[in-house]
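The values are calculated or read from the model by the stated rules, or taken from the named source; none is laboratory data. Just so you know, these numbers come straight off a predicted model, no measurement behind them. Here the Cβ is made from the backbone with ideal geometry for all residues, glycine too, and neighbour counts use every protein chain on show. Accessible surface is based on the protein model in full, side chains and every heavy atom, while ligands, DNA and RNA are left aside. Shrake-Rupley method; radii C 1.70, N 1.55, O 1.52, S 1.80 Å.
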Amino acid sequence: MYKFKKIDPYDWFCGPGSHISIDKLFSNILTLRLCLNLGIHEVTVYAFSIENFKRSKEEVDGLMELARQKFSRLLTEQENLEKHGVCIRVLGDLTLLPTDLQQLIAKAVVATKAHNKCFLNVCFAYTSRHEIANAVKEMAWGVEQGLIKPSDVSEVLLSECLYSSNSPNPDLLIRTSGEVRLSDFLLWQTSYSCLVFQSVLWPEYSFWNLCEAVLQYQLSYRSLQKAGDLHREGQALQQMEADRTCVAELLQHRGNGKPMDAQSRQKELLNYTASREERVHCFLNALQHKRDTVFSDLSSQAVLA
């Protein structure tokens, strides 16, 4: 059996049976354990879309209250989470949520941050388009702060600025409930993932449904790997060409009228690539620190409250 890095079962909190969906989601530590037996160490679930804020105030308020209850319950199960090494991450725009719910979420994230046996990513107040737009804003912040140059912006760097930057791209995405659309879920990350559409509703999702999806992934494994490898090779070539262009422009501005031999140009290219990689590394560290600080501050506020 092929080993997985990540799987993404997908459904909403909202809609018919939404109470069951939330209960099912937060009881999915068992599902994580079943996934571990299949070599799957990371699971991402689509819990609440930003689009669902367009529903009635009563419905949204009710779902926010239910989320409070479930995250509060998670905090009472820290010993069990630690025992099984479950790390909980919440991906989305927390600023759209009530402050007290932000604090509860932050406490759950901070409390399990050091766990590393398996990972449960909960997409909450999330859409993929919002995530991609936020990643662009993060890169603009990096340029504004002088951490990176506009020429450092790339497809690879955008991937590193997504909410999911600490996770590998999904190997397998499962869409339940008979729907055949992704509804703005992990659009960037699943370009080379196996997409499986199943008619079963998420509350009734079983181990055997999971096995069926895994089998479909296995049957598609070689073609998916080949496509992904080709894409990564293309990204590397694009970055090399971008670096060459930047070096050529630098040499032109610095030029003394004398042509530079190939060996000297190669040395300049290597120096430029190393400096770009160092800038990007420092920027990503600063970005991670900024995000960690948000969670730490919210968690501290929850304790004080």
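Summary of computed values
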| read-out | value |
| --- | --- |
| The chain: relative contact order as a whole-number percent, Cα under 8 Å and 6+ apart | 21 percent |
| Carbon plus sulfur fraction of accessible area for the stretch 223-296, probe 1.4 Å, in percent | 56 percent |
| Solvent-accessible area per residue for the stretch 161-305 (1.4 angstrom probe, square angstrom) | 60 Å² |
| Nonlocal amide H pairs with Phe119, under 5 Å, H built at 1.01 Å | Glu42, Val43, Cys87 |
| From phi via Karplus (6.51, -1.76, 1.60), per-residue ³J(HN,Hα) for the stretch 287-301 in Hz, x at Gly/Pro | 5, 5, 4, 4, 5, 4, 5, 4, 5, 5, 5, 5, 5, 5, 4 |
| Normalised contact order of the stretch 132-213, rounded percent, pairs of Cα under 8 Å and 6 or more residues apart | 26 percent |
| Helix-only [θ]222 nm of the chain, DSSP H runs n ≥ 4, -39500 (n - 2.57) each, per residue, nearest 500 | -19000 deg cm²/dmol |
| Share of carbon and sulfur in the accessible heavy-atom surface of the stretch 51-133 [1.4 Å probe, %] | 50 percent |
| Spin-label pair Ser72/Asn271, simplified geometry with 7 Å Cα→Cβ offset, distance in nm | 6.2 nm |
| Histogram of C-alpha separations across the chain, 10 Å bin width, % | 5, 24, 31, 22, 11, 5, 2, 0 |
| Residue of Asn37, Asn209, Asn134 that the Gaussian network model of the chain assigns the largest fluctuation, springs spanning Cα pairs under 10 Å | Asn37 |
| The stretch 175-215 - percent of accessible surface contributed by carbon and sulfur, probe 1.4 Å | 61 percent |
| Cα-centred dipole magnitude for the chain, charges only on beta-carbon of K, R (+1) and D, E (-1), debye, nearest 20 | 480 debye |
| For the stretch 146-221, radius of gyration divided by Kirkwood radius, i.e. Rg to Rh on alpha-carbons | 1.11 |
| Cα centroid of the stretch 117-176 to Cα centroid of the stretch 206-227, whole Å | 25 Å |
| Hz values of 3J(HN,Hα) by residue in the stretch 242-252 - Karplus curve (6.51, -1.76, 1.60), Gly and Pro given as x | 5, 5, 4, 5, 5, 5, 4, 5, 4, 5, 5 |
| Stretch gain in nm, segment Asp93-His253, where the contour uses 0.36 nm per residue and the Cα spacing is subtracted | 53.4 nm |
| Potential lengthening between Lys54 and Arg232 on full extension [0.36 nm per residue; Cα-Cα distance subtracted] | 60.3 nm |
| Packing rank of 40-48, 219-227, where each peptide gets the mean count of other beta carbons within 10 Å, highest leading | 40-48, 219-227 |
| For the stretch 191-305: rounded, prolate or oblate by the Cα gyration tensor [a/c cutoff 1.5] | oblate |
| Computed accessible area, Ser191, all protein chains, 1.4 angstrom probe, square angstrom | 80 Å² |
| Asp171 accessible area, assembled protein chains, probe 1.4 Å, Å² | 20 Å² |
| Using a Förster distance of 25 Å, the FRET efficiency for Leu215-His84 (Cβ separation, nearest 0.05) | 0.45 |
